[in-house]
1. Sum up the charges of everything whose Cβ sits under 13 Å from the Cβ of residue 72, counting Lys and Arg as +1 and Asp and Glu as -1, but leave residue 72 out.
2. What is the set of long-range amide H partners of residue 71 at a cut-off below 5 Å, with H atoms built 1.01 Å from backbone N?
3. Mind checking which lysines have their Cα closer than 27 Å to the Cα of residue 51? Skip sequence neighbours fewer than 8 apart in that chain.
4. Tabulate in residue order the Karplus-calculated ³J(HN,Hα) for the range 140-150, using 6.51 cos²θ - 1.76 cosθ + 1.60 with θ = phi - 60°, rounded to whole Hz; enter x for Gly and Pro.
5. With viscosity set to 1.567 mPa s at 4 °C, what whole-number translational diffusion coefficient in µm²/s follows for the range 16-154 from Stokes-Einstein and a Kirkwood radius over Cα pairs?
Amino acid sequence: MIDTSFRRWLPTWCGGRRTPESFRRTSSRVSRLTVQYDAEVDAALQRLWPKARIYHDREFTRDRADFLLVVRGRGVMIETKVKSDPGLFHGSTLPPLLDRLQRDGRRLVVVLNQGDPTPARDLVTTKLGDKGRIVVWSGPHHDTELREAVESLLHQTSRHA
């Protein structure tokens, strides 16, 4: 469909620049949801492991996880994913991260806000084996699942912390 809104086209005719976000109406909404969800997951990690160190990756990249959680000297990477619908989560954005973690021998928990993670769970298992988990976490009522996923990875012996 062609965008015929004069207001949207005028800046580009007059030498103005359009950001990639302006092309997609939902990107700012999804971005706000992602920032909010990251903050909620961060609060949950602090609540569940109050003595842990939590490192944040402030730069957006597809091959690095959002958080590194270090508990009792052992590290687990945490990647958050926000879906706008409760359907299947295929994990199409995960392969660069999974490839890197597979090379590094790191452990990963993917924390999804909603949806059915079955297809992505298969992807994570194929790439990371028992060093990867996916949990659906949408608030404190899912803290038990998050704790179990992280603790199961922390108890593994590995060449990396």
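1. +2
2. Hits under the 5 Å cutoff: 76.
3. The reachable lysines, counting only those whose Cα sits under 27 Å from residue 51, are 81, 131.
4. x, 5, 9, 4, 4, 5, 5, 4, 4, 5, 5
5. Taking Rh from Cα pairs, D becomes 83 µm²/s.
Values in this text are rule-based calculations from the coordinates and carry no lab data. Source: prediction; values computed, not measured. Don't worry about glycine lacking a Cβ; one is built from the backbone with ideal geometry, like all the others, and counts go over all protein chains shown.
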